[in-house]
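The block underneath contains the structure these notes are about, expressed in structure tokens.
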Amino acid sequence: MTVRSGTSSPQRGRLPGSGKPEATVAERFNGMSDDDVGAIVACLRTLEPVENAVPDFKPSVMGRILLAFAIKPADRITAPVSVPPPGPTPEYGDYLANHVSPRAACHTPHVRGVIQEDKLWSGGFDFDVDGDIIYSANLTRDVETGIGDRTENDFFTTIRTGVNPDGIVVRCRCPGHSSGT
């Protein structure tokens, strides 16, 4: 399924505010459960159509070489994908954070458009916001550079208000967050 594999034409889209291919995001959806994919499709079917001509993907010579020899689509999903039991567990949190709402793609540095899997959630992904370059936050438990000294309440308050415990407004480019600028 295209939502989980990105095999339709992931290069056609771009990450919001970055101009970077969204293939890095599509690959994060490959663990989304069948029920959650079905719910997304059901929701999309309720929306009014929007006409939006998307330009054809025209890779450079180097891009065509990479697509032919180096960049491969995600493995096809051939068996049902189930979800861990809902609840405050690391397994369910991993499912939500990495497959339902793949924020890791935005909160992880990339090298030439590829997520650095060994640095998941460590921040550093760059976005152009009205001409200013901002970098995604480190959401790991590192006390010096991440959110390791923050409480659960601090985290919820930041997400809900768009202001972190230090009083800094979070400049977020992620759809669905209250703190977008």
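Given that compact globular proteins tend to follow 2.2 N^0.38 Å, what is the ratio of the alpha-carbon Rg of the range 106-181 to that value?
Rg over 2.2 N^0.38 Å, computed on Cα atoms: 1.11.
What does the extension gain come out to for THR78 and VAL169, with contour length at 0.36 nm per residue minus their alpha carbon separation?
Going from the current span to full extension adds 28.4 nm.
Please list, ordered by chain and number, the residues whose modelled amide H lies under 5 Å from the amide H of VAL163; skip anything fewer than 5 residues away on the same chain.
Hits under the 5 Å cutoff: VAL170.
Under 5 Å between amide H atoms, partner at least 5 residues away or on a different chain: which partners does VAL129 have, H built in plane at 1.01 Å?
ILE134
Every read-out reported here was derived from the displayed coordinates using simple, explicitly stated rules and does not represent laboratory data. Here the structure is a predicted model, which means the values were calculated and not measured.
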